[in-house]
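The values are calculated or read from the model by the stated rules, or taken from the named source; none is laboratory data. Note that this is a predicted model, so its numbers are computed, not measured. Cβ: placed from backbone, ideal geometry, glycine included. Neighbour counts: every protein chain shown.
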Amino acid sequence: MTNPLLPVFQPAPMVFDKGEGAWLTTAEGERYLDFGAGIAVNSLGYSHPHLVAALETQARKFWHLSNVYRIPDGERLAERLTAACFADVAFFANSGAEANECAIKIARRYQNASGRPERWRIITFNGAFHGRTLATMAAGGNPKYLDGFGPAVGGFDACPLEDINAVRARITLQTAAIMIEPIQGESGVRPVSHDFLRQLRALCDEFGLLLIYDEIQCGVGRTGYLFAHQEAGVAPDIMSLAKGLGGGFPVGACLATRAAAFGMVAGSHGSTFGGNPLAMAVGNAVLDIVDDEAFLTEVRRKGERLRAALEQIASFLPDLILEVRGRGLMLGIRTAREPREIVEALRAHAQVLTIAAGDNVVRIVPPLTVSDEEIDLFADRVRHALEQISKRAA
Ligand code: PLP
């Protein structure tokens, strides 16, 4: 039978039947240790009892309620998210790309409502990934994704990372904002230096621009800080979240200061499903666990353990692993091979799941609840599989 799905994905052959914690099991009972976590989405692993209970409880009340009515869980989630960071207000969406669309609209609207309608362009960065809608694809600027879809949505000016003079030179009278992932994910787990974030903040303040962080992949505890930028102590004006916020339930959020969002009024933006009661119930349940200093400290400790194990493997196999990078439990190994080849070998020969990224990087983003034993088992299996690959190549 030919597959009736639009062939935009190339899924691995096995079919999973259930998941628990960091483990996925096929119907035949084959178990895989999942250090990809749905691409940094299943922040608390599969079937976390607290999340299942929150979803089940809400499912028995109602699933959907239009935004024409108040959704108290959404107000509560917004209050908790904003209390934990720079922001004052939140908009809920269904995905990362939608959260970024909202961020872009807030920034453009801010300048417009401030009497500067000519400022609508946004400075972005090479290697960025902001989503697959027409605007977020243009913001990412990756020719591979833009190709064949007609003229790219205008208004995005890409700069090299870590080059503040290039950014300064790119600012014009039309610039509204600067948008950056504090750790680039898709293009290969590249942390941006704290210094660069500080310099961007200063430029934004100097020129009256808004600073937008895309924390869709690196946010919600992934780095051992509730939000990745909090490690640097450099706040943005707008921030997008998704992935880990729903622990596997689709949800996105765009947070902003009241000052940045002052142009957004009734009717400026909206979404039928955004902020729906199921997503809000699960989002609150995720925060019950992740927004906790002891939990975040554990994420940092486990991140160090995993990094140390990967660095040890790299020291044994310097021809195969060129670098270990990332922060907290958002790590990557840069390899001398096509990362897809490594990901497939790890899956087929070691029953461990990882995710290929750009720059020949294999992304390692386990659930934040991963145990020390699972980290050690992962490292053992990866070392063994990579040794085999390295021997075959020799
Ligand atoms: N921004 C970043 C940093 C991402 O990693 C992603 C997804 O990988 C997105 C935006 C897009 O999110 P979504 O696929 O939920 O639209």
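When segment 310-327 is examined, which residues are found to be closer than 20 Å to Ala356 by Cβ and in contact (Cβ under 8 Å) with a residue 60 or more places away in the chain?
Leu310, Ile313, Leu317, Asp319, Leu320, Ile321, Arg325, Gly326, Arg327
In segment 174-202, which residues are more than 16 Å from the ligand (Cβ to nearest atom) and more than 24 Å from Pro117 (Cβ to Cβ)?
Ser193, His194, Asp195, Phe196, Arg198, Gln199, Arg201, Ala202
How do the pairs read when you match residues in segment 129-157 that are at positive phi with residues anywhere that are away from the ligand (no atom under 12 Å from the Cβ), using Cβ under 7 Å and keeping only pairs 6 or more apart or on different chains?
Sorted first by the residue in segment 129-157, then by its partner, the pairs are Gly141/Phe156; Gly141/Ala158; Gly155/Trp120; Gly155/Arg121; Gly155/Ile122.
Residue check: is Leu331 touching a residue at least 60 places away in the same chain (Cβ under 8 Å), closer than 26 Å to Ala228 by Cα, within 16 Å of the chain's Cα centre (by Cα) and part of a loop (DSSP other than H, G, I, E, B)?
no
One residue is enough: does segment 285-293 have a residue meeting the conditions in a helix (DSSP H, G or I) and in contact with a Phe, Trp or Tyr (Cβ under 7 Å, 6 or more places away or on another chain)?
Yes, because at least one residue in segment 285-293 is in a helix (DSSP H, G or I) and in contact with a Phe, Trp or Tyr (Cβ under 7 Å, 6 or more places away or on another chain).
Evaluate segment 44-51: report whether one residue or more is more than 30 Å from Ala177 (Cβ to Cβ), loosely packed, with under 12 Cβ neighbours inside 10 Å and among the polar types (S, T, N, Q).
The answer is no; no qualifying residue exists.
Test each condition in (1) buried (at least 16 other Cβ atoms within 10 Å of the Cβ); (2) away from the ligand (no atom under 16 Å from the Cβ); (3) within 23 Å of the chain's Cα centre (by Cα) for Ile171 and report the one that comes out false.
If we test Ile171 against (1) buried (at least 16 other Cβ atoms within 10 Å of the Cβ); (2) away from the ligand (no atom under 16 Å from the Cβ); (3) within 23 Å of the chain's Cα centre (by Cα), just (3) comes out false.
If the requirement is being in contact (Cβ under 8 Å) with a residue 60 or more places away in the chain, closer than 21 Å to Phe16 by Cβ and surrounded by fewer than 20 Cβ atoms within 10 Å (Cβ to Cβ), which of these qualifies: Arg305, Arg363, Arg340, Arg381?
Every option except Arg381 fails the conditions.
Kindly check whether there is at least one residue in segment 116-135 that is surrounded by fewer than 24 Cβ atoms within 10 Å (Cβ to Cβ), touching a strand residue (DSSP E or B) at 6+ places or on another chain (Cβ under 9 Å) and in a helix (DSSP H, G or I).
Yes - at least one qualifying residue is present in segment 116-135.
Quick one: which helices (runs of 4 or more DSSP H) sit completely within segment 33-83 and have at least 3 residues that are modelled with pLDDT of 95 or more and acidic (Asp, Glu)?
72-83
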